[in-house]
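Novice: Got a structure for you, questions after.
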Amino acid sequence: MNQKAFESAIQSVIEAVGEDPTREGLIDTPKRVYHSMMHLCSGYQEDPKRILNAALFESQASEMVIVRDIEFYSLCEHHLLPFFGLCDVAYIPDGKVVGLSKIPRMVDVFARRLQIQEQLTEQIADALSEAIAPRGVAVLVNARHMCMEMRGVQKRHSLTTTSALRGLFLSDPKTREEFMSIVNAPVKDRF
């Protein structure tokens, strides 16, 4: 990304809203916004397949593996406003398992791109399916969208839920029910 062109564009935005970009509090704002966007969009520089493939292990495990409550932050591609929430990722191994820390890292790779929640949910499920070829994958994402809360309909605390199911989670109702009962269980009941 061309930093000078980016900073110039942000300075133009500041001017367009009627502010003085030379005002003390705004002098370094274009630079700060540039660095912020570099971080928030860093997912374009990473390959989720490389992350997952770096920690694949042969395993006889055949029962559901779930990583719960993965926090994420992303930017809506429509308004460049944040959406954030929790993601639950499950899979049923078929000869391979992936290092548990790689699943949240993969979520972050996709979350740190401009997109919509529906796409984020599908990308996570597809990447895990392709990397480890499990018997099933389930992804559930619950998020708050600032484009709905700060502007537009202005409905605070509204929650959007999306899911992506693959393999046994899609074809077997009992597997899907087991997943949903686990991810819907209060934390205090699980420890």
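Novice: Scan region 155-165 and give yes if some residue there is out of contact with any Phe, Trp or Tyr (no Cβ under 6 Å at 6 or more places or on another chain), in a loop (DSSP other than H, G, I, E, B), in contact (Cβ under 8 Å) with a residue 60 or more places away in the chain and farther than 21 Å from Tyr44 by Cβ, otherwise no. Before the answer, list the steps.
Specialist: Initially, region 155-165 is screened for residues out of contact with any Phe, Trp or Tyr (no Cβ under 6 Å at 6 or more places or on another chain), giving 155-165.
Applying the additional criterion that residues be in a loop (DSSP other than H, G, I, E, B) yields 155-159.
Narrowing the set further to residues that are in contact (Cβ under 8 Å) with a residue 60 or more places away in the chain leaves 159.
Next, only the ones that are farther than 21 Å from Tyr44 by Cβ stay: 159.
Within region 155-165, one or more residues are out of contact with any Phe, Trp or Tyr (no Cβ under 6 Å at 6 or more places or on another chain), in a loop (DSSP other than H, G, I, E, B), in contact (Cβ under 8 Å) with a residue 60 or more places away in the chain and farther than 21 Å from Tyr44 by Cβ.
Novice: Would you kindly identify the strands (runs of 3 or more DSSP E) lying entirely within region 59-117 that contain at least 3 residues that are in the same structural domain as Arg166 (by TED's automatic domain parsing) and surrounded by fewer than 20 Cβ atoms within 10 Å (Cβ to Cβ)? First the steps, then the outcome.
Specialist: Values: elements: 65-76, 82-92, 96-98.
In region 59-117, 65-76, 82-92 are the strands (runs of 3 or more DSSP E) which contain 3 or more residues that are in the same structural domain as Arg166 (by TED's automatic domain parsing) and surrounded by fewer than 20 Cβ atoms within 10 Å (Cβ to Cβ).
Novice: Since Ala138 meets every condition but one in (1) outside any helix (DSSP H, G or I); (2) in contact with a Phe, Trp or Tyr (Cβ under 6 Å, 6 or more places away or on another chain); (3) within 20 Å of Ser42 (Cβ to Cβ), which condition does it not meet?
Specialist: Condition (3) is where Ala138 drops out.
Novice: Now for a different question. Using beta carbons and a limit of 8 Å, which pairs, at least six apart or on different chains, have the first residue in region 34-54 and over 19 Å from Leu120 (Cβ atoms) and the second one assigned to a helix (DSSP H, G or I) and among the charged types (D, E, K, R)?
Specialist: Within 8 Å, the pairs are Tyr34/Glu7; Ala54/Lys102.
The rows are residues; the columns are (1) crowded, with 18+ Cβ neighbours inside 10 Å; (2) under 17 Å from Glu71 (Cα atoms); (3) outside the structural domain of Met106 (by TED's automatic domain parsing).
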| site | (1), (2), (3) |
| --- | --- |
| Ile132 | yes, no, no |
| Leu140 | yes, yes, no |
| Ala143 | yes, yes, no |
| Met146 | no, yes, no |
| Val153 | no, no, no |
| Leu159 | no, yes, no |
| Ala164 | yes, no, no |
| Leu170 | no, no, no |
| Pro173 | no, no, no |
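The values are calculated or read from the model by the stated rules, or taken from the named source; none is laboratory data. The shown structure was predicted, so the numbers you read here are calculated from the model rather than taken from an experiment. Backbone-built Cβ (ideal geometry, glycine too); neighbour counts: all protein chains shown.
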